[in-house]
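Some notes on the structure that comes next.
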Amino acid sequence: MLSKTFAFALLAGVMMIGSAQAGDVCEEAEARYQEVKNELPSDEGVTVVKLYNYNFCPPKLTVKAGTTVRFVNVDKRTSHSVWLKEAGKEESERFFPVEFWEFPFTEKGEYPYLCGPHWEREGMRATITVE
Ligand SMILES: [Cu+2]
């Protein structure tokens with residue numbers, strides 16, 4: 001009984017650490033985006049997802065139908081892609097730091113997506129919900 005409780009507490013602790021790390025990564029991604037923003041076209045009228053350190057930030061996003069999402073690579077070296085695999089779309093070209101790729105989400109639904117080179121090993125995947 002005691003060990004079960006302990007295991008649960010340990011698991012909860014690990015989960016808390018995990019989510020805190022995800023938050024930190026997205027905070028770093030946001031700070032990095034602010035640094036490079038002036039090298040990019042205006043983000044007015046688009047919703048920005050940042051690609052950073054094998055994460056999409058935010059990992060879960062809800063937008064209205066008709067929204068164009070701009071995926072911006074805010075890493076320092078790594079190139080990434082966006083692949084709406086389950087929606088049957090082709091993977092985007094790989095894009096490098098301070099480059100981006102855009103996709104207009106016109107139809108409602110759940111769009112899980114991933115980064116071609118990093119989803120398997122680094123778990124770089126996320127979901128956009130269009131409502
Ligand atoms: Cu990637």
*Listed residues PHE105, PHE95; which is more than 16 Å from the ligand (Cβ to nearest atom) and in contact with a strand residue (DSSP E or B) (Cβ under 9 Å, 6 or more places away or on another chain)?*
PHE105
_Residues located in segment 81-91, provided they are free of Cβ contacts under 8 Å to residues at least 24 places away in the same chain and either at negative phi or crowded, with 17+ Cβ neighbours inside 10 Å (or both)_ = LYS89, GLU90
_Selected residue [surrounded by 16 or more Cβ atoms within 10 Å (Cβ to Cβ), touching a helix residue (DSSP H, G or I) at 6+ places or on another chain (Cβ under 7 Å) and aromatic (Phe, Trp, Tyr)] from TYR52, TYR113_ = TYR52
_Pair list, Cβ under 9 Å, 6 or more apart: segment 113-124 residue farther than 17 Å from PHE96 by Cα, other residue among the hydroxyl-bearing types (Ser, Thr, Tyr) and near the ligand (Cβ under 7 Å from one of its atoms)_ = ARG121/TYR54; GLU122/TYR54; GLY123/TYR54
*Check on GLU107, within 19 Å of ALA29 (Cα to Cα) and of a type in the set (D, E, K, R)*: no
*Could you list, in sequence order, all residues of segment 59-80 that are touching a residue at least 40 places away in the same chain (Cβ under 8 Å) and farther than 17 Å from GLU122 by Cβ?*
LYS60, LEU61, THR62, VAL63, LYS64, ALA65, GLY66, THR67, VAL69
*Output yes when any residue across segment 119-126 is within 16 Å of VAL48 (Cα to Cα) and either within 16 Å of the ligand (Cβ to nearest atom) or part of a strand (DSSP E or B) (or both), and no when none is.*
yes
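Values quoted throughout were computed directly from the atomic coordinates according to the rules given, and no laboratory measurement underlies them. Just so it is clear, the structure is predicted and the values come from calculations on it, not from any experiment. Glycine gets a Cβ as well: all are built from the backbone with ideal geometry, and neighbour counts include every protein chain shown.
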